[in-house]
Amino acid sequence: MSVISKRKKWQDKKSRISYKVNNVLKVPKVIIFRSNKNISVQLIDNKSNSTICSSSSLDKDISGLISKGTNKTDISKIVAENMSKKLKSKKIDKIVFDRSGYRFHGRVKVIADTLKENGISI
């Protein structure tokens, strides 16, 4: 029996979640990617697999707010608020949340909660 690496387990979990999310074709999906320092959120149209809008902690338009963030969860909240503004400007109020294999706590949960607070139904 071979040892399955941690990365392989994460990729398998990510593909299982993405498979379940891709079955809902009527609404766009929000995909999260987080690294040790940064976080990015993308809104993708399921039909054409194209990015509608995105927000990241590396964006220059919110860099002033991010510099005031004290920890990574504060930065995630700022990114989610920016994303919710972009969703409202595109008149999108319902999405599917793809957590990309990450556990639903910490920064991922902060993004989901902030989107819900700003009127986006998940």
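The values are calculated or read from the model by the stated rules, or taken from the named source; none is laboratory data. Source: prediction; values computed, not measured. Please note: Cβ atoms are built from the backbone with ideal geometry, for glycine as well, and neighbour counts cover all protein chains shown. Protein only, heavy atoms only, side chains kept; ligands, DNA and RNA dropped before computing areas. Shrake-Rupley method; radii C 1.70, N 1.55, O 1.52, S 1.80 Å.
Residues of the range 79-95 that are more than 22 Å from Trp10 (Cβ to Cβ) and open to solvent by less than 60 Å² (accessible area, probe 1.4 Å): Ala80, Asn82, Met83, Ser84, Lys86, Leu87, Ile92, Ile95. Right, Gly101: at pLDDT below 95, surrounded by 15 or more Cβ atoms within 10 Å (Cβ to Cβ) and of a type outside the set (Lys, Arg) or not? Spelling it out, Gly101 is indeed at pLDDT below 95, surrounded by 15 or more Cβ atoms within 10 Å (Cβ to Cβ) and of a type outside the set (Lys, Arg).
In this structure, is Ser67 over 21 Å from Lys94 (Cβ atoms), of a type in the set (Gly, Ala, Ser) and more than 12 Å from the chain's Cα centre (by Cα)? Yes: the conditions hold for Ser67.
The residue that is farthest from Ser18 (Cα to Cα), counting only those in the range 39-60 that are of a type in the set (D, E, K, R) and out of contact with any helix residue (DSSP H, G or I) (no Cβ under 8 Å at 6 or more places or on another chain), is Lys60. Consider the range 112-122 and keep the residues that are polar (S, T, N, Q) and outside any strand (DSSP E or B). The one that is farthest from Val41 (Cα to Cα) is Asn118. Has the range 47-55 got any residue that is open to solvent by 90 Å² or more (accessible area, probe 1.4 Å), modelled with pLDDT under 90 and not aromatic (Phe, Trp, Tyr)? Yes, the range 47-55 contains a residue that is open to solvent by 90 Å² or more (accessible area, probe 1.4 Å), modelled with pLDDT under 90 and not aromatic (Phe, Trp, Tyr). Please indicate, with yes or no, whether at least one residue in the range 14-27 is open to solvent by 30 Å² or more (accessible area, probe 1.4 Å), part of a loop (DSSP other than H, G, I, E, B) and farther than 21 Å from Gly119 by Cβ. Within the range 14-27, one or more residues are open to solvent by 30 Å² or more (accessible area, probe 1.4 Å), part of a loop (DSSP other than H, G, I, E, B) and farther than 21 Å from Gly119 by Cβ.
Residue-by-condition table, conditions (1) in contact with a strand residue (DSSP E or B) (Cβ under 8 Å, 6 or more places away or on another chain); (2) small (Gly, Ala, Ser); (3) free of Cβ contacts under 8 Å to residues at least 12 places away in the same chain; (4) open to solvent by less than 20 Å² (accessible area, probe 1.4 Å):
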residue: Asn38; (1), (2), (3), (4): yes, no, no, no
residue: Ile62; (1), (2), (3), (4): yes, no, no, yes
residue: Asn71; (1), (2), (3), (4): no, no, yes, no
residue: Phe97; (1), (2), (3), (4): yes, no, no, no
residue: Ile120; (1), (2), (3), (4): yes, no, no, yes
